[in-house]
Amino acid sequence: MSTTIKSPSVGSIAAILVENGASVSPGDELLVLEVMKMQIPIVAPLAGQITAIRVEVQALVQEGDVLLTIG
Amino acid sequence: MSWQPEIDELKSRLELARQMGGEENVARQLANGKRTVRGRVDGLLDPGSFHEIGALAGKGVYEAGKLVSFTPSNFVLGTGCIDGRRVVVGGDDFTVRGAAADASVGNKAGYGELLAREMRLPMIRLVDGTGGGGSVKTLEKMQYSYVPANPSWDVVVSLLTEVPVVGACLGSVAGLGAVRVVTSHFSLMVKGTSQLFVAGPPVVERGVGEKVTKEELGGSAIHARGSGAVDNEVESEDEAFDQIRRFLSFLPSNVWQAPPRRESQDDPNRRNEELLSIIPRDRRRAYDVRRLIGMIVDIDSFFEIGRYYGQPLVIGLARLKGHPVGVIANDPMHYGGGLNAAGSQKMERFIDLCDTFHVPVVNFVDQPGFLIGTAAERAGTIRYGARALAAVYQATVPWVSIILRRVYGVAGAGHGNAQALNLRYAWPSGDWGSLPIEGGVQAAYRREIESSPDPDRRRREIEEMLNELRSPFRTAEAFGVEEIIDPRETRRLLCEWVDSAYGLIGSQLGPKRRGCRP
């Protein structure tokens, strides 16, 4: 059962802080979304392993776009 | 000879009314995870406080002049108390003909609205019916069609300007029922067991060819997490009753009274050390504004409304020294706090609520401006933003702003009424202007930058020069901001303010000239 992490809003990816396969704990920062000059940390809602990263740094994303998945 | 036989008949008729739509229908209602209308009234009101009106209304079947069976009206009405204060409550009984309007008896619902208006009591609607327009069966029954009119609507609309109105969506609610939920100051729906729509799936399939389930069409994911038609989503009916009680606890029974104060154990001088560092020094970092609000208002008093709609803006009711206040805050986690169309609508409606019921407003400001981009333009952000600004300027309720960080653009300028006192306190993290420096330099200094041998370097130099002028202390020197405070002093100052604010409320009571709209 994998969990998809979706973008909460439009914006661009300012940084990706985890690698594929990394183990994460709830609250860990996964990546940083930038919108209206504000950097918004996207945090892990649960513990698990990163199974896919779907975006690159500077990519433009829409609200609801899948950013990564945690397995 | 006494009237005892009639008293006995009265008792037996009331007993029949309590049976609602019969054992089988009641069992089905409960099996669907819902309370009966009477169970709901009991769950909402203070124990034993319900005074029912019109329990005798229904349809009796007589044989030889003797009542042999009785179906009660599908609307239960009465008054009762919430935290000791009387309210009017009216609820649909789904167990009687699905609470369909064509099975109603008299205008009980309309009588309830009138009762709330004339007695100046809060109105709570527990809606669980198929609407008011009835069904096409009405046509067969009446043998003629009618031009539709919304029943008692003059009163329903007037109530919004005079008493608190709550709409609870507790089942599949369409048409007039849906409008009755939404024509309120606060509405909620229960996840999974309630849906709200203009028309249900069969009509939608016939009309626009969409095949959808009730939940897909109008579940809480649609209305409490998207459309904004309903304010809050709750997990259970019990949570719905808790939220209704909580919402009403902040408001007076009507606009002729002041909002009720509660005893507060929380020290007005409490300083929270974390406030000194909660705003990141890096201007581009977001922070948790709900946590910030929680540290300043009376402990656990913040009651958020419409969390999942218009998310760049957080609104809710809270207390300071036990006095109700309305809280507005920008949430940098969503669009950096940039005000979008939905957030503007949320702001307008909330300001109107606070102004109508004389609830003083605390505005926590970190506003980068209206949301920009094609999606924002298409959404009509500027129209809804203009309406939110109009609400700020029309409000006459006491208002104070705490400038946490950014105040930019027209949306930032709308943090208070600049032609009035516009009482405010700025934190040292204050950062303001008509345009942010980073974006504005290239445009404003274009000739100078382009004619330089090293344009990039010239641009950075100009930016640095301007950044030095950006200090809020320079603004304070020019009295462009009246006070810069230690963030840990915010609660003390707000508690001082709220006493003065409530000193004014007494002379401002009564209806506002601007009526309240849903």
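Where a number appears in this text, it was derived from the coordinates with a stated rule and is not lab data. Only a predicted model underlies this, so the values are computations on that prediction, with no experimental measurement involved. Reconstructed Cβ throughout: ideal geometry from the backbone, glycine too, with neighbour counts over all protein chains shown.
Here are the numbers for this structure:
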item: Farthest positive-ward along the stretch B:211-325 dipole, Cα basis, beta-carbon charges - from B:Ile278, B:Ile305, B:Pro260; result: B:Ile278
item: Dipole magnitude of the protein assembly as shown about its Cα centre (Cβ charges: Lys, Arg +1; Asp, Glu -1), debye to nearest 20; result: 1040 debye
item: Helical contribution to [θ] at 222 nm, DSSP H n ≥ 4, -39,500 (n - 2.57), averaged over the protein assembly as shown, rounded to 500; result: -9500 deg cm²/dmol
item: Efficiency of FRET between B:Ala390 and B:Glu450 - r from beta-carbon atoms, R0 35 angstrom, step 0.05; result: 0.30
item: Fewest-first ranking of B:Leu494, A:Leu33, B:Leu435, B:Leu423, using other Cβ atoms within 10 Å as the exposure measure; result: B:Leu435, B:Leu423, B:Leu494, A:Leu33
item: Relative exposure of B:Thr213, B:Thr381, B:Thr95, judged by other C-beta atoms within 10 Å (fewest first); result: B:Thr213, B:Thr381, B:Thr95
item: Cα-projected label distance for B:Asp282 with B:Glu464, points at 7 Å along beta-carbon direction, nm; result: 2.2 nm
item: Which of B:Asn150, B:Pro164, B:Gly337, positive extreme of dipole for the protein assembly as shown (C-beta unit charges); result: B:Asn150
item: Cα shape, the stretch B:380-450, gyration tensor, a/c 1.5 rule; result: oblate
item: Most to least packed among B:259-270, B:180-191 [average Cβ atoms within 10 Å]; result: B:180-191, B:259-270
item: Part-to-part distance (alpha-carbon centres) for the stretch B:370-412 and the stretch B:504-518, which is given in Å; result: 22 Å
item: Long-range amide H partners of B:Gly80 with built H, under 5 Å; result: B:His51, B:Val87, B:Val89
item: Amide proton proximity set for B:Ser172, modelled H, under 5 Å, gap of 5+; result: B:Gln195
item: Interchain or long-range residues, amide H under 5 Å from A:Asp28's placed H; result: A:Ala44
item: Relative contact order (percent, whole number), chain B, Cα cutoff 8 Å, 6+ residue spacing; result: 10 percent
item: Cα Rg over Rh - the protein assembly as shown, Kirkwood; result: 1.04
item: Karplus-derived HN-Hα couplings along the stretch B:459-471 (A = 6.51, B = -1.76, C = 1.60, θ = phi - 60°), whole Hz, x at Gly and Pro; result: 4, 4, 4, 5, 4, 5, 4, 5, 4, 5, 7, 7, 4
item: Inter-part distance where the stretch B:322-363 and the stretch B:1-72 are each reduced to a Cα centre, Å; result: 43 Å
item: Karplus-derived HN-Hα couplings along the stretch B:384-394 (A = 6.51, B = -1.76, C = 1.60, θ = phi - 60°), whole Hz, x at Gly and Pro; result: 5, x, 4, 5, 5, 4, 4, 4, 4, 6, 7
item: Ranked by how many other beta carbons lie within 10 Å on average, peptides B:11-20, B:406-415, B:352-361 from highest; result: B:352-361, B:406-415, B:11-20
item: Which of B:Ala240, B:Pro518, B:Gly84, positive extreme of dipole for the protein assembly as shown (C-beta unit charges); result: B:Pro518
item: ³J(HN,Hα), Karplus 6.51/-1.76/1.60, whole Hz, each residue of the stretch A:15-25, x for Gly, Pro; result: 7, 10, 9, 10, 10, 4, x, 5, 8, 10, 10
item: Calculated FRET value between B:Asn107 and B:Arg270, using beta carbons and R₀ = 51 Å, to 0.05; result: 0.50
item: Other protein chain Cβ atoms within 10 Å, averaged over every residue that makes up A:27-38; result: 5
item: The stretch B:451-518: chymotrypsin sites (Phe, Trp or Tyr not before Pro) in DSSP coil with no more than 14 other Cβ atoms inside 10 Å; result: B:Phe479
item: Global geometry of the stretch B:219-308, whether rounded, prolate or oblate, following the gyration tensor of its Cα atoms and the 1.5 cut on a/c; result: oblate
item: Exercise: per-residue mean of other protein chain Cβ atoms within 10 Å, B:332-339; result: 6
item: Sequence of B:Asp331, B:Asp282, B:Asp154, A:Asp65 once ranked by neighbouring C-beta atoms within 10 Å, starting from the fewest; result: B:Asp282, B:Asp154, A:Asp65, B:Asp331
